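Q: This is the structure I want to talk about, given as structure tokens.
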Amino acid sequence: MSVDAIVGAQWGDEGKGRVVDYLAQDCDMVIRYQGGDNAGHTVINEYGKFALHILPSGIFNPRTICLVGAGTVVNFDTMEEELRSVEAAGVATDNLFVDKRAHLIMPFHCMLDGAEEASKKKGWEVGTTKRGIGPVYADKASRVGIRAVDILDPERLRTRLEMLMPRKNRELAYFGIEEITVDQMMELCASWKEKFGSRIIDSVPVLRDAVIGGKNVLFEGQLGIMRDLDWGIYPYTTSSNPTAGGVCSGAGISPRRIDSIYGVVKAYSTSVGGGPFTVELFDDDGERLRSIGGEFGATTGRPRRCGWFDGVAAAYSCWINGFTHIAVTKLDVLDHFDTLKICTGYDVNGEIIDYVPETALQEIATPIYEEWEGWKSDTTAIRSWDDLPEQAKRYLRRIEELTGAPIKFVSVGPERDQIIVID
């Protein structure tokens, strides 16, 4: 039995999907515990290449029950598109379920998301994907949201919509957007019920029985701690908690039941969206990382901001999440560099600090680097720690030392078998 969590240790886009896909081959259950379709997990396996936004990355194992948990927010239109995509590749999807408590992203959430972002002052944009994530979580916190279970009961749904829509239409009118009627939303939800009603379940007994029965369970997070609503670069964050703590509230499990917490880090740093990014590179090295690493957002296609590995952010992430292990992805991208750098501290107004401060101080922080010799050789075919170049081993051990958790996996390419497992 193993109950494990996969958590993003940086700004998101760390490669969590490929780690989940790898581990899911031995899992009985994979659960997405927070977030929506605003970020993508890229998975490459024998079925092809996929950018999953709301489907758990365990969907490719027909023996794995895949749950979209209560802490998520769900756009059923996006889910339908993704199901169609994976089914076209020959993947069976009757193992996918949605918790009754998950909140639903309605069309007006997406409209408001884009309008609110456009109204922000220059330089204060969050970098939202305009998928409605912030507005739907706001409705959830205000206790007026629509949950998956509501579409199963049309009478209850209509009552909740009749209470909600006057408020939403006032917000839409503020931005000059045409109002939406209750009947329009009822019609949309009826179509969702027809397509997804049989997948909407109460996940509590399913998860409880799996854990008590000694099954292998894996929790999959979205984004990373630096985009966490409480501990990230607020307000340039998502609207939920991608941290290990979010597993408990989003999936409905006690922290005492979790055996291992895997923090996923890239061998360098990337970020999509607004806000401070202390190690961001604006030179040729940054462009080379982007080009070689294919650093473009899985959801939006936006170029990712690139930089050297941030040991300060990694240590901060490990402290808050309590990583038992880390997985280092995209080591092979660094095969092409003569010299590498690792950030070991921040200079904030002349004071050297070794932790991530609140956002305003991050905006003025400058990185302190140490240089490391590159290995200038191809690592993509390596499957053993012993076969890695000595320079790569030293670089990885430094990442391990700064983060504060042992390395369990090293990824040297996008394919499922391009992972080095460290005993």
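Throughout, read-outs are computed from the coordinates displayed, never taken from laboratory work. Every value quoted in this text rests on a predicted model; they were computed, and no experiment measured them. Cβ atoms come from the backbone with ideal geometry, glycine included; neighbour counts cover every protein chain shown.
Q: Of all DSSP beta bridges located in the chain, what percent are antiparallel, nearest 5? Mind showing how you got there, number by number?
A: Working: 25 of 61 bridges.
Close to 40 percent.
Q: Quick one: among A381, A148, A315, which has the greatest mean-square fluctuation in a GNM of the chain with alpha-carbon springs under 10 angstrom?
A: Top of the fluctuation ranking is A381.
Q: Restrict the search to the stretch 329-405; then list the GluC sites (Glu not before Pro) that DSSP places in a loop and that have at most 16 other Cβ atoms within 10 Å of their Cβ. Mind dumping the intermediate values first?
A: Details: sites: E351, E358, E363, E370, E371, E373, E390, E400, E401; in loops: E358, E363.
In loop regions of the stretch 329-405 (DSSP not H, G, I, E or B), the sparsely surrounded GluC sites (Glu not before Pro) are E358, E363.
Q: How big is the stretch 1-155 along each principal axis, measuring the range of its Cα positions in Å and listing the largest first?
A: 46, 44, 32 Å, listed from the longest principal axis down.
Q: What's the angle, to the nearest 10 degrees (0 to 90), between helix 182-196's Cα axis and the longest principal axis of the chain?
A: The angle comes out near 60 degrees.
Q: Something else: Return the single residue from M106, M165, M29 with maximal mean-square fluctuation; model: Gaussian network over the chain, springs between Cα atoms under 10 Å.
A: Among M106, M165, M29, the largest mean-square fluctuation in the Gaussian network model of the chain belongs to M165.
Q: Right, another one. Can you pull out the trypsin sites (Lys or Arg not before Pro) in the stretch 370-410 that DSSP calls coil and that have at most 16 other Cβ atoms within 10 Å?
A: Details: sites: K376, R383, K393, R394, R397, R398, K408; in loops: K376, R383.
Those satisfying the criteria are K376, R383.
Q: How big is D, in µm² s⁻¹, for the stretch 265-421 by Stokes-Einstein at 4 °C and 1.567 mPa s if Rh is the Kirkwood radius over C-alpha pairs? Kindly include the intermediate steps, with their values, before the conclusion.
A: On the way: Rh = 16.1 Å.
Stokes-Einstein gives a translational diffusion coefficient of 80 µm²/s.
Q: Given a Förster distance of 30 Å, report the FRET efficiency between E162 and K121 from their Cβ-Cβ distance, rounded to the nearest 0.05. Let's see the in-between values first.
A: Values: r = 36 Å, r/R0 = 1.19.
FRET efficiency, E162 to K121: 0.25.
Q: Shifting gears a bit: Name the residue, out of S254, S317, S271, whose mean-square fluctuation peaks in a Gaussian network model built on the chain with Cα pairs under 10 Å.
A: Result: S254 has the largest fluctuation of those listed.
Q: Another question about this same structure. Filter the cross-link list K121/K195; K122/K341; K16/K168; K16/K130; K100/K330 down to pairs whose alpha-carbon distance in this structure exceeds 30 Å.
A: K121/K195; K122/K341; K16/K168; K100/K330
Q: Once each part is reduced to its C-alpha centroid, what is the distance from the stretch 55-114 to the stretch 305-342 in angstrom?
A: The stretch 55-114 and the stretch 305-342 have Cα centres spaced 30 Å from each other.
Q: Let me ask something else. Give me the one-decimal nm value for the distance between modelled label points at V204 and M186, 7 Å along each residue's Cα-to-Cβ direction.
A: Here the modelled spin labels are 3.1 nm apart.
Q: At q = 0.13, 0.24, 0.28 Å⁻¹, what base-10 log of I(q)/I(0) does the Debye formula yield for the stretch 67-139 when every alpha carbon is treated as an equal point scatterer in vacuo?
A: With one equal scatterer per Cα and no solvent, log10 I(q)/I(0) is -0.49, -1.05, -1.21.
Q: What would the Debye formula give as log10 I(q)/I(0) at q = 0.19 Å⁻¹ for the alpha-carbon point model of the stretch 340-423, no solvent?
A: -0.89
Q: If you average 1/r over all unlike Cα pairs in the stretch 131-230 and invert the result, what Kirkwood radius do you get in angstrom?
A: Working: mean 1/r = 0.0609 Å⁻¹.
Evaluated over the stretch 131-230, this radius sits at 16.4 Å.
Q: Multiplying the sequence separation of D230 and S249 by 0.36 nm and subtracting their Cα-Cα distance, what value in nm do you get?
A: Details: separation 19, 0.36 × 19 = 6.84 nm, distance 1.43 nm.
Full extension from D230 to S249 adds 5.4 nm.
Q: Percent relative contact order of the chain, based on C-alpha pairs within less than 8 angstrom and at least six residues apart?
A: Working: 944 pairs, mean separation 83.2, N = 423.
Contact order relative to length: 20 percent.
Q: Please determine, in degrees from 0 to 90 and to the nearest 10, the orientation of helix 284-293 with respect to the longest principal axis defined by the Cα atoms of the chain, where the helix direction is its Cα long axis.
A: So the inclination is approximately 60 degrees.
Q: Pulled fully out, how much extra length does the chain show between S377 and K215, if you take 0.36 nm times their separation in residues and subtract their Cα-Cα distance? Could you put the intermediate results ahead of the total?
A: Working: separation 162, 0.36 × 162 = 58.32 nm, distance 4.07 nm.
Fully extending the segment from S377 to K215 adds 54.2 nm.
Q: Oh, and also: Are there GluC sites (Glu not before Pro) in the stretch 177-269 that DSSP puts in a loop and that have at most 11 other Cβ atoms within 10 Å, and which ones? Walk me through the numbers on the way to the answer.
A: Working: sites: E178, E179, E187, E194, E220; in loops: E178, E179.
Sparse-neighbourhood loop GluC sites (Glu not before Pro): E178.
Q: Tell me, what ³J(HN,Hα) does each residue in the stretch 135-141 have, in order and in whole Hz, if you take phi through Karplus 6.51 cos²θ - 1.76 cosθ + 1.60 with θ = phi - 60° and put x for Gly and Pro?
A: Along the stretch 135-141, the couplings run x, 6, 5, 5, 5, 4, 5 Hz.
Q: Let me ask another. Give the residues of the stretch 323-349 whose amide nitrogen is closer than 14 Å to a point set 7 Å from the Cα of D284 in the direction of its Cβ.
A: Hits in the stretch 323-349 for D284 at 14 Å: 337-339.
Q: Using 1/(1 + (r/R0)^6) with R0 = 41 angstrom and r between the beta carbons of E370 and S85, what's the FRET efficiency to the nearest 0.05?
A: On the way: r = 43 Å, r/R0 = 1.06.
Efficiency, rounded to the nearest 0.05: 0.40.
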